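*Asks:* The structure follows.
FYI, it's all coordinate maths here, none of it is from the lab. Quick caveat: nothing in here was measured; it's all calculated off a predicted structure. Positions of Cβ are backbone-derived with ideal geometry, glycine not excepted, and every protein chain shown enters the neighbour counts.
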Amino acid sequence: MPENSDREELAILATSLRRHLERRQRVGIRTLAKGTPLEVKPALAGKDNLLGGTVDDLFAENSAALQTQSLEELRAAIGDCRRCKLCSGRTNLVFGVGNPHAALMFVGEGPGRDEDLQGEPFVGRAGQLLTDIITKGMGLKREDVYIANVVKCRPPENRNPEPDEVAACEPFLKKQIDLIRPKIIVGLGKFAVQTLLQSKAPITKLRGNWRSYHGIKLMPTFHPAYLLRNPADKKLVWEDIKKVIKEMRGENG
Ligand code: URA
């Protein structure tokens, strides 16, 4: 069985391969041979830089993103992303925001309407609640932490991201985490936590208990949008956040 990271890389390569084949098919290319330059109808040559080259080019696009050394380079390598179908409905790709050396990182599900319009995660009503947790609850500034989502483009009608969308985008979250190397990740809500932990356990069972994400301490908690609908559960999130504060101060043993 391949390791998780191998599986992610395979998933992203498969998505890249499918997109590439679809583009080639659209211009009448139906065969592919490793290392062989592909002939392109002269009228179309140069119109799309993915139409030239060889099969080896298929792998270059994503491996370039995964080999970047900074968040700026990663953002640039993701580019005007067309790796999954969410690209067709987005206004802005919402990459992430905050301190590139943050000790604390928050991970949500995916951009909503406000985030899509502004290009920044957690800026709507749920975002205001998250900002309150960070500033009023933890005594930090938004700029002290890093905030990102599992998928970078808004799912239509705020539906859950679909497996192919997560497969295409999650490697970039993983790379963000790898570049930031936070001490602690707070997973916001069922979708983000289950994705990060590759778990199907309910968030009610996962929240409040320390877990590990590739060696980084992960605290699962409820999503701020859930808290807007269920304000009585804010006290549970506060308990989780108090554990995070203690851990950041080195007070957990
Ligand atoms: N919900 C999320 O999960 N992420 C955002 O950025 C906004 C709302």
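Here is a yes/no grid of residues against (1) within 14 Å of the ligand (Cβ to nearest atom); (2) closer than 19 Å to residue 125 by Cα; (3) of a type in the set (Gly, Ala, Ser):
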{"position": "173", "(1), (2), (3)": "yes, no, no"}
{"position": "191", "(1), (2), (3)": "yes, yes, no"}
{"position": "234", "(1), (2), (3)": "no, yes, no"}
{"position": "251", "(1), (2), (3)": "no, no, no"}
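*Asks:* Going by the structure shown, is residue 143 acidic (Asp, Glu) and more than 12 Å from the ligand (Cβ to nearest atom)?
*Replies:* In short, yes.
*Asks:* Related question: Out of (1) in contact with a Gly (Cβ under 6 Å, 6 or more places away or on another chain); (2) away from the ligand (no atom under 16 Å from the Cβ), the odd one out for residue 223 is which?
*Replies:* Condition not satisfied by residue 223: (2).
*Asks:* Within 20 Å of residue 222 (Cα to Cα) and of a type in the set (A, V, I, L, M), is that true of residue 97? Working first, answer last.
*Replies:* Values: within 20 Å of residue 222 (Cα to Cα): no; of a type in the set (A, V, I, L, M): yes.
Against the criterion (within 20 Å of residue 222 (Cα to Cα) and of a type in the set (A, V, I, L, M)), residue 97 does not qualify.
*Asks:* Can you tell me how many residues in the range 180-224 are under 21 Å from residue 247 (Cα atoms), surrounded by fewer than 17 Cβ atoms within 10 Å (Cβ to Cβ) and under 16 Å from the mean Cα position of the chain (by Cα)?
*Replies:* 3
*Asks:* Let me ask something else about it. How many residues does the range 140-152 hold that are in contact (Cβ under 8 Å) with a residue 12 or more places away in the chain, assigned to a loop (DSSP other than H, G, I, E, B) and over 17 Å from the mean Cα position of the chain (by Cα)?
*Replies:* Result for the range 140-152: 1.
*Asks:* Could you please give the count of residues in the range 97-132 that are away from the ligand (no atom under 11 Å from the Cβ), without any contact (Cβ under 8 Å) to a residue 60 or more places away in the chain and either of a type in the set (A, V, I, L, M, F, W, C) or in a helix (DSSP H, G or I) (or both)?
*Replies:* Residues that pass the stated criteria total 3.
*Asks:* Please work out if residue 227 is crowded, with 16+ Cβ neighbours inside 10 Å and out of contact with any strand residue (DSSP E or B) (no Cβ under 9 Å at 6 or more places or on another chain).
*Replies:* yes
*Asks:* Now for a separate question. Give me the pairs, please: first residue somewhere in the range 221-235 and free of Cβ contacts under 8 Å to residues at least 12 places away in the same chain, second residue anywhere and surrounded by fewer than 18 Cβ atoms within 10 Å (Cβ to Cβ), beta-carbon distance under 6 Å, and either six or more positions apart or on two chains.
*Replies:* So the pair list comes out empty.
*Asks:* What are the residues in the range 161-170 that are more than 16 Å from the ligand (Cβ to nearest atom) and surrounded by 22 or more Cβ atoms within 10 Å (Cβ to Cβ), if any?
*Replies:* First, pick out the residues of the range 161-170 that are more than 16 Å from the ligand (Cβ to nearest atom): 163-164, 167-168.
Listed by number, the list holds a single entry, 168.
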